[in-house]
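The values are calculated or read from the model by the stated rules, or taken from the named source; none is laboratory data. Predicted, not measured: the structure shown is a model, and the values here were computed from it. Methodologically, a virtual Cβ is constructed for each residue, glycine included, from the backbone with ideal geometry; neighbour enumeration extends over all protein chains shown.
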Amino acid sequence: MKKWILFLTMFVFATTGFGKMTKVTPKVRKAILDTLKVDGSEIAVITMKNGNEIYMKFSPEDAPNTVKNFIMLANLGFYDGLTFWRVISKFMAQGGDPVGDGTGGPGYSVNAEFNKQRHLLGTLAMARSGDPNSAGSQFYICLAPQPHLDNQYTVFGQVIKGMDVVKGIKKGDVINSIRIERKSYDELRLLCKGTPESVIYKLPEPKSISLPDYPEELLDKNIEGKAWFRILLSKKGEALEVKLIESEILELNEKAFEPIAKTWVFTPAKIAGNAIKDWITVELEFKINFKNRRKHEAIVRAAGESKVIELWKK
């Protein structure tokens, strides 16, 4: 398969056809990046000139500087009025060049952040020249999987809605604007409901997971039943806060469960490979094998709009 090179050569100064200055000065760039906070809930919404929209989720844990750079340029209006200047069927659509021929940029470059994310359908990544650290403002969206590009270009996001719009992009199509929004996991699921991209948020099948160590606080109690909790997870999977919703088990109330939950590690669901810090609803079913009190089982499954999690002892 022929390997296409994604060119990106930086100019110090450029203007669009609208007469807009496109250079971002070092002073402005530093002032914005020094104060820009990214927490993983950010998404980009590309609005095309015809009104069609493309929603993209970022991967700040894999490419933090690249994500910040893109958000900064979007907030400055840098991309407004620019085109997808290069579109190759079954390969990619490339935009973000203020000159419009592949030679333009914001006046600086961003160091590469190659990572484990793969080039899949809808992958968002940075274009560059032969120098790995030459990316600036130009980005591309994959129109099909491109495994030969893995680990050679900085992947920093994924289309989560509007892939049909991406597939319809033609060379010269105009980006009216790119706006940055923040969405919770549940909001994103609702946003993508009914679209092909909603598979990203599809809940796994319920599964039973054995716990190596039953909580000592519950070991001497004849507990059998279910309890539902809302648990706030960190991106690393620690339980930060626990709220009881309902419990069939009198002994397993919110006060009793909170210290127990914080000794376990939960694997949070991911969106396009990105761990989500968010509240999740967890249904726990406890059973004790009375022949051997050390044997037990916890069934962890989705409840309503929640996510299935894995559960184990640290």
Qualifying residue in region 91-113 (condition: at positive phi and touching a helix residue (DSSP H, G or I) at 6+ places or on another chain (Cβ under 7 Å)): no
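Condition check ((1) over 15 Å from the mean Cα position of the chain (by Cα); (2) over 22 Å from Ala74 (Cβ atoms); (3) modelled with pLDDT of 95 or more; (4) not in a loop (DSSP other than H, G, I, E, B)) across all residues:
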| position | (1), (2), (3), (4) |
| --- | --- |
| Lys116 | no, yes, no, no |
| Leu120 | no, yes, no, no |
| Arg179 | yes, no, yes, yes |
| Leu191 | no, no, no, yes |
Meets criteria (closer than 18 Å to Thr263 by Cα and modelled with pLDDT of 75 or more) for Leu211: no
Ile200, sole failed condition from (1) within 24 Å of Glu113 (Cβ to Cβ); (2) at pLDDT 85 or above: (2)
Residue in region 155-162 that is assigned by TED's automatic domain parsing to the domain that holds Ser59, under 14 Å from Met92 (Cβ atoms), assigned to a loop (DSSP other than H, G, I, E, B) and in contact with a Ser or Thr (Cβ under 8 Å, 6 or more places away or on another chain) present: no
Matching residues in region 100-122 - criterion: being over 15 Å from Thr25 (Cα atoms) and aliphatic (A, V, I, L, M): Ala112, Leu120, Leu121
